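So the structure is just underneath, and the comments pick up after that.
The values are calculated or read from the model by the stated rules, or taken from the named source; none is laboratory data. Because the structure is a prediction, the values reported are computed rather than measured. For neighbour counting, all protein chains shown are included, and Cβ atoms are generated from backbone atoms with ideal geometry for every residue, glycine included.
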Amino acid sequence: MHLVGKELIMNLLQSIILSFFTLFILNNCASSTFNKLEFDERIKQISKKYILDKSLEVSEVEVDLKNQGPTFTGMTTNVDLYNKIKAYSDSLSFGNDVILLPDPSLGDSTRGIINVSVTPIRDRSSHTAQMVDQAIMGNWVKILIENDDWYLIQTHYKYVGWITKSAVHKCTNNFLSDWNEKARYRIKKLNSIIYSEPNMSSIPISDGVLNNRLYITKDLVDWSEVILPDGRVGFIEKQDIELMTQDKDLTDQISIVISNALSMKGVPYLWGGNSSKGNDCSGFTQTAFMASGIQLPRDARQQAKVGKPIIDDQLKEGDLLFFGTGDRITHVGISMGGDKFIHQGSKLEGKVDIHSLNPDSPLYNSYRKGTFLFAKRVIEESNNL
């Protein structure tokens, strides 16, 4: 009986110890979860001080509980935020695995040139992810990091997103400089074809869209020989291209903007679209202005920050009209002078069209009149963009 009683006592003690140990583990896990949430929120607040526009920079930082203890992980393009996280992790004696982009493992190859007519830029590295923008042939991007078949990139106008590797010719800064020097022609039509031989019965090697940049190597009678960013050689009809010049006068710039805007009349609405195949309101304005050598920011709210304010009765062709509610910019169009404007009409109109702010005009758009906020003149200020 004495032995049995002693065994019972030992079993009871073991049960009590196990119960306390289990409670300790559960409490520790709950505390860790709470601490992670707390630190993630702190990082979020710190990021807000440095990342003013999430569409233009990367800030994906959090705290993970690794074997070696709490560790900051993720990536950012912002040097100041990167240094702040490093100092913060040091002060807490936390680990720090945050990467400052571009990823150092990319070496010198942190540039890319789009080698297809137009390709989606998405908010995640998946073909089912939302398209937030598009990139077109001949334009360059900064490669930030690789992930399987995708690159996280930043466009030449600073927009950030994911793009498939197959749409990009990865290169060095030296290659990019050489390309920018030689690719001095652009496609001036909404759609074009680059053929394998200088005749339309030959096999195409690529299609083309408005503003695609091309490197012309040889002129024939009605054709021009081109080299694409990835080295493919083809031929395009001369009537489809023009030399890009930077010394256009004010009248020429306005004329080109309006001409290209009108050429897209009827082009369907496409969320995130930024080409002559389909566009959203700010993609439409950016495409029209790009043809004249003016690089607008990507989104309407960003475009509203450039240029100088214009009084309604002083509107000229090429001025930008902004629409929205309160301080929120939701739409942008291009003035055609007076009360008329051309714009990509989202779900209300569904295509590029011309409307008026004048109630007496047959082109009157009451919704746009009710949401009109202000106008900006960009072309005279283009050198400061």
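Note on segment 155-205: residues that are assigned to a strand (DSSP E or B), surrounded by fewer than 16 Cβ atoms within 10 Å (Cβ to Cβ) and of a type in the set (S, T, N, Q) total 1.
For segment 266-273, the criterion of being within 18 Å of GLU349 (Cα to Cα), in contact with a strand residue (DSSP E or B) (Cβ under 7 Å, 6 or more places away or on another chain), assigned to a helix (DSSP H, G or I) and in the same structural domain as GLU349 (by TED's automatic domain parsing) is satisfied by no residue at all.
Put simply, of LYS340, LYS347 the only residue that is modelled with pLDDT under 95 and among the charged types (D, E, K, R) is LYS347.
Having 3 or more residues that are under 24 Å from LYS248 (Cβ atoms) is the bar; report the helices (runs of 4 or more DSSP H) wholly within segment 281-385 that clear it.
Numbers: elements: 281-290, 300-303, 346-349, 366-371.
Of the helices (runs of 4 or more DSSP H) lying wholly inside segment 281-385, those with at least 3 residues that are under 24 Å from LYS248 (Cβ atoms) span 281-290.
Right, ILE329: under 24 Å from LYS54 (Cα atoms) and not basic (Lys, Arg) or not? Judged against the criteria, ILE329 is a match. If you go through segment 116-138 and keep only what is of a type in the set (A, V, I, L, M) and part of a loop (DSSP other than H, G, I, E, B), you end up with VAL116, ALA129, MET137.
Of all residues in segment 161-173, at least one satisfies being under 21 Å from MET75 (Cβ atoms), within 24 Å of the chain's Cα centre (by Cα), of a type in the set (A, V, I, L, M) and not assigned by TED's automatic domain parsing to the domain that holds VAL306. Across segment 34-58, which residue is surrounded by the fewest Cβ atoms within 10 Å (Cβ to Cβ) among those that are hydrophobic (A, V, I, L, M, F, W, C) and within 23 Å of the chain's Cα centre (by Cα)? Filtering segment 34-58 for residues that are hydrophobic (A, V, I, L, M, F, W, C) and within 23 Å of the chain's Cα centre (by Cα), the one surrounded by the fewest Cβ atoms within 10 Å (Cβ to Cβ) comes out as LEU52. Within segment 201-246, the set of residues being over 24 Å from ILE294 (Cα atoms) and either in the same structural domain as ILE294 (by TED's automatic domain parsing) or touching a His at 6+ places or on another chain (Cβ under 7 Å) (or both) comprises just one member, ASP230.
ASP103 - would you say it is among the acidic types (Asp, Glu) and modelled with pLDDT of 95 or more? It is true that ASP103 is among the acidic types (Asp, Glu) and modelled with pLDDT of 95 or more.
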